[in-house]
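K.L.:
Here it is: the structure, laid out below.
Every number here is computed from the coordinates shown, using simple stated rules; none is lab data. What you see is a predicted model; the values in this text were computed from it and never measured. Every residue, glycine among them, receives a Cβ derived from its backbone with ideal geometry; neighbour counts consider all protein chains shown.
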Amino acid sequence: MLNKLDYSYNDEISIIHRINPVIKLFGLFIYVLICLLKYNNYLFIANLSFIFLLMLLSNVNILRNFKLVWKFKFIILIMYVVMYHYQMSIADINIIVFKFIFFLVYLSVIYYTTTKEEIGIGLSKIVNIFNLIGIDLRKIASFFTNIITSVICFFDTLGDTLISGEIKGNVYTHSNIIDKYKLYVRYFKKVYKSSKDKMKKRKNDMKYKLYNDNIKKRYKYGKKLGIYDYLFILINIGFIVFYILKVR
Amino acid sequence: MYNKLLSGVIFVGAIKLKDLSYSYDGKNKVLSEINFNLRKDKTLSIIGTSNSGKTTLLKILNGELEYQGEVYINGILVNSNNFGALRRCIAVVYRDSSFITDKVKDELRYSLENINLSPKEITKRINGINEYFNINRILNKAIDSLSINDKTLVKILSYAIMEPSYIAIDDLLIDLNTRTKILLLNYLNSKKITLINVTSDMEDVLYTDYVLCLYNGIDAIDGKSLEVLKNEKILKRLGLSLPFMIDLSIQLELYGLINRVYLNKEAMVKNLWK
Amino acid sequence: MEIVFNKLSYVENKMSSSPKNYLDNVSLEIKQGSIIGFIGENISIIGKLLMVIKRPSKGELKLDNIVVKRTSHINNINLLRKKMAFMIDDNFNFITDNVKSEIETVMKNYNYHTKDVNKHIVDSLKIVGLSEDYLDRDPNELSYTEKKKVNLACMLSYNPEVIILENFEKGLIARERTYFKNLFLKLKNKFNKTIILLTKDITFMFGIVDNLNVINNAKIVISGDADTFYENKLYKYIEMPKIVEFTKYVQEQGHNILEYVDIKELIKEIYRNVK
């Protein structure tokens, strides 16, 4: 069943936890960029090793990071089937699939080591860098945090409803995959409404804790950048430099 | 039918309920004609049967519902126009109040950062909390990983840290162990935050100065805690119990073994076995 | 139903730096027709294991003649589950939109047949102290104690042999507590049901439990009958109720009074002793 620790912030203590969320998201962005550009053996292996290193340093169990990948197993299977159908070589397909798998791992490392609020702030700062929207930082940050929290709230409610329903006789743990999906469909409307109500309540509770869209925040978010932040940026810039010099 | 005690003197209350009524469908009255004044700096317990309107009363104090009558907190009329001003006067904590953030530290700081309080002041308030509760040990923990005692404490403190004049709690003290509960009451007292405690645990009524007992939306009895609690017949008729020492005292009085209510077991035992 | 825990262990989150040990090598027996109390952290795991929502990590659980291990296969799990009923505190996600259909769904899932379904539903509500007016109300809109009562009505509607409740008495006033204590006693004495109470508030157990178990650090540290209420070792793990505190103080002062959990009995005893 859905284990709450698999999709919530893990409060371990590690280097990765301490790195600024903007920088972590920046690293993810660089990784995606390199994945889409021209392939190079050394860069590929360097990238994957870097992600593996992040995983080890985050003090979150390795298998937990792969749980997200496991949830995408069908999509990965379909990727193999479709690409094979288009007569791509197995080696090429493997590379693409590995890029995807490690994208998911990178995503989960970031997810487990960053609180939802920090992710929201990080995303809003990135959006602001490109000056895409001229609105207050707080509003965008709230917006992003809200989306992530809504998704989490939905799965939380779904998990609780599955347990509560199981106790009342709607079998979940002992049924096959088809019956499980039938239950998801059956509960969907109710869980959606229930989680929507909870998010509405959360929005109200924010107001009772003095949240106001119009307040301009006086102080900077986040701590000063430390040595690991700079190292992180350096490594990622290193990847880009390597690409420009050696691969093009 | 119901014996309604008013405290001897009519005074200007810091919380004033005048002819307060509420109905959600226009027919069934959840609250009927409540008239009650709570003096400044006097704590209040709210007790009553499960459908008596306790939570509704808290929602009204919080400005969530449109009601008939008048409700003033610190002289400010409770209505949607005064939302901002009322936030400094009262905070209401429900069982299903949400946590906004993931970490304990973030949750405590959330409301203070929203009003742009200086980092110095924020740190000062958190240190103030730490003196009472040793909160440093859980500051960096994820809220979901806490025990029920700690989680409830953080929930309450995330509102108390705003230092409103009043904090109303909807039957959450039952989730705290006694030691934490006493620390919380001391903390609120030291910060001059007046407690309004809706409770199902009658022992907790002894911690507040006044008590208001609701029954079917009516003020069945109210007044100073100790005096109200001595009204054994009314409280038992409403289905409520008495705190242990008061129950014991009253019944031993009937047997003629003692002649007054003792809250302190040492004093009672001394007087029983003279 | 005879319930046996046989060297049962349950661990969660093995895949984290701090795995949570809920039960460690626990063995105990629960006979049909008794009221048992359990005290401990995360004690709801007992209910989840009994309802086979979670499987033991090690060891086994015997429910009558069915053995439940980590990997045992159980055909038609609801045949087993309909003998039991469980309520978790603070998880009140109802599966329908009104009280009537909630109870109907539970009865249908557990194959409980009766001639007059509507009457049975109303009776189930009456037993828990709710009137017919609750039939078409949305259970999600009810208060905390009302939700608990609706859940209990669902549980009783399919007539289980074993009833497991977590923190049921929390939020109830004195009259309701007395009512439900008497109800549970009646279910045990007249209908031979097993009631398992999972709670830290032992005052609710006064006068009704046959057996009391305290689980600390995943092991059973105390297991005894109602005499345990006056044993000091119990209060290393939970808070001492006022009546016990008072009686012990009186005894310490040299007055020899008997130990009671009912205040009326205590008063008669004090009278006898003082005169």
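K.L.:
Mind checking A:5-11 for the average number of partner chain beta-carbons within 10 Å of each residue's beta-carbon?
P.N.:
That works out to 6 on average.
K.L.:
Let me know the Rg and Dmax you get for chain B when you use only its Cα atoms, in Å.
P.N.:
Looking at chain B, its Cα Rg and Dmax stand at 20.0, 63 Å.
K.L.:
Turning to a different aspect of this structure: How shielded is C:168-177 by partner chains, expressed as the average number of their Cβ atoms within 10 Å of its Cβ atoms?
P.N.:
5
K.L.:
Sticking with this structure for a sec: For the residues A:W70, B:W273, what sequence is obtained by ranking on other C-beta atoms within 10 Å, fewest first?
P.N.:
A:W70, B:W273
K.L.:
Ignore the peptide's own chain and count Cβ atoms of other chains within 10 Å of each Cβ in B:89-100; give me the average, rounded.
P.N.:
4
K.L.:
Still on this model: Could you please tell me the mean projected area of the C-alpha convex hull for chain C, averaged over all directions and given in square nanometres to one decimal?
P.N.:
Result: 16.9 nm².
K.L.:
With only alpha-carbon atoms counted, please give the Rg and Dmax of the stretch B:51-154, in Å.
P.N.:
Cα only, the stretch B:51-154: 16.4, 47 Å (Rg, Dmax).
K.L.:
Quick check: convex hull of the Cα atoms in the stretch C:164-246, volume per residue, rounded to a whole Å³? Spell out each step's value before the answer.
P.N.:
Numbers: hull volume 8.7 nm³, N = 83.
Given the Cα convex hull of the stretch C:164-246, per-residue volume reads 105 Å³.
K.L.:
If you don't mind, another one. Of the candidates C:F246, C:F191, C:F168, which one comes out as most mobile in a Gaussian network treatment of chain C with C-alpha springs shorter than 10 Å?
P.N.:
C:F246
K.L.:
Now a separate question. Fewest first, what order do C:H113, A:H174 take by the number of other Cβ atoms within 10 Å?
P.N.:
C:H113, A:H174
K.L.:
Follow-up. Could you derive backbone 3J(HN,Hα) for the stretch B:38-53 from the dihedral phi with the Karplus parameters 6.51, -1.76 and 1.60 (θ = phi - 60°), listing whole Hz in sequence and x where the residue is Gly or Pro?
P.N.:
10, 5, 4, 6, 10, 7, 9, 9, 10, 10, x, 5, 5, 9, 7, x
K.L.:
Mind checking which lysines have their Cα closer than 28 Å to the Cα of A:K224? Skip sequence neighbours fewer than 8 apart in that chain.
P.N.:
A:K24, A:K116, A:K125, A:K139, A:K209, A:K216, B:K103, B:K105, B:K120, B:K124, B:K141
K.L.:
Amide H neighbours of C:F86 under 5 Å, counting only residues 5+ apart in sequence or on other chains, H built in-plane at 1.01 Å?
P.N.:
C:I164
K.L.:
Helix B:244-254: angle to the longest alpha-carbon principal axis of chain B, degrees 0 to 90, nearest 10?
P.N.:
10
K.L.:
Please report, to two decimal places, log10 I(q)/I(0) for the stretch C:1-108 at q = 0.13, 0.15, 0.16 Å⁻¹ as given by the Debye formula with identical point scatterers on the Cα atoms and no solvent.
P.N.:
So the normalised log intensities work out to -0.58, -0.75, -0.85.
K.L.:
How much mean residue ellipticity at 222 nm does chain A get from its helices, if each DSSP H run of length 4 or more adds -39500 (n - 2.57) and you divide by all residues, to the nearest 500 deg cm²/dmol?
P.N.:
Taking each H run of at least 4 residues, the total per residue is -24000 deg cm²/dmol.
K.L.:
Continuing with the same structure: Count neighbours as other Cβ atoms within 10 Å of each site's Cβ, and list the trypsin sites (Lys or Arg not before Pro) in the stretch C:56-99 that are DSSP loop with at most 13 such neighbours.
P.N.:
Counting only loop positions with at most 13 other Cβ atoms within 10 Å, the trypsin sites (Lys or Arg not before Pro) in the stretch C:56-99 are C:R70.
K.L.:
Taking neighbour counts of Cβ atoms within 10 Å as a proxy for exposure, in what order, fewest first, do B:L176, C:L61 appear?
P.N.:
B:L176, C:L61
K.L.:
Beyond 22 Å, what share of the Cα-Cα pairs of the stretch C:199-275 remains, rounded to the nearest whole percent?
P.N.:
27
K.L.:
What is the pair-distance distribution P(r) of the stretch A:38-194, computed from all Cα-Cα distances in 5 Å bins starting at 0, with each bin given as a whole percent?
P.N.:
2, 7, 11, 12, 14, 16, 15, 12, 7, 3, 1, 0
K.L.:
Can I ask one more? Among C:S57, C:S27, C:S143, which one shows the highest mean-square fluctuation when chain C is modelled as a Gaussian network with alpha-carbon springs under 10 Å?
P.N.:
Per the Cα network of chain C with a 10 Å cutoff, C:S143 tops the list.
K.L.:
Within chain A, which DSSP H helices have Cα atoms that stretch 27 Å or more along the helix axis and a mean Kyte-Doolittle hydropathy of at least 1.6?
P.N.:
Taking the DSSP H segments of chain A (at least 27 Å long, mean hydropathy at least 1.6), we get A:90-113.
K.L.:
Residue by residue, what Karplus-based ³J(HN,Hα) values in Hz, rounded to whole numbers, does the stretch C:242-255 have, using 6.51, -1.76 and 1.60 with θ = phi - 60° and x for Gly and Pro?
P.N.:
Values per residue, Gly and Pro as x: 4, 5, 5, 4, 5, 4, 5, 5, 4, 5, 4, 7, x, 9 Hz.
K.L.:
Now for a separate question. Expressed as cubic angstrom per residue, what is the convex hull volume of the alpha carbon set of the stretch A:137-215?
P.N.:
Considering the Cα atoms of the stretch A:137-215, their hull volume per residue is 94 Å³.
K.L.:
Next question. Taking the Kirkwood radius as the inverse of the mean 1/r across Cα pairs, report the Rg/Rh of the protein assembly as shown.
P.N.:
Result for the protein assembly as shown is an Rg/Rh of 0.99.
K.L.:
A further question on this structure: Check B:I258: other-chain or 5+ apart residues with amide H under 5 Å from its amide H, H built from backbone geometry?
P.N.:
Counting only residues 5 or more places away or on other chains, the set is B:E253.
K.L.:
Here's a follow-up. Could you derive backbone 3J(HN,Hα) for the stretch B:131-148 from the dihedral phi with the Karplus parameters 6.51, -1.76 and 1.60 (θ = phi - 60°), listing whole Hz in sequence and x where the residue is Gly or Pro?
P.N.:
4, 7, 10, 6, 5, 4, 5, 10, 3, 9, 8, 6, 4, 5, 8, 7, 6, 4
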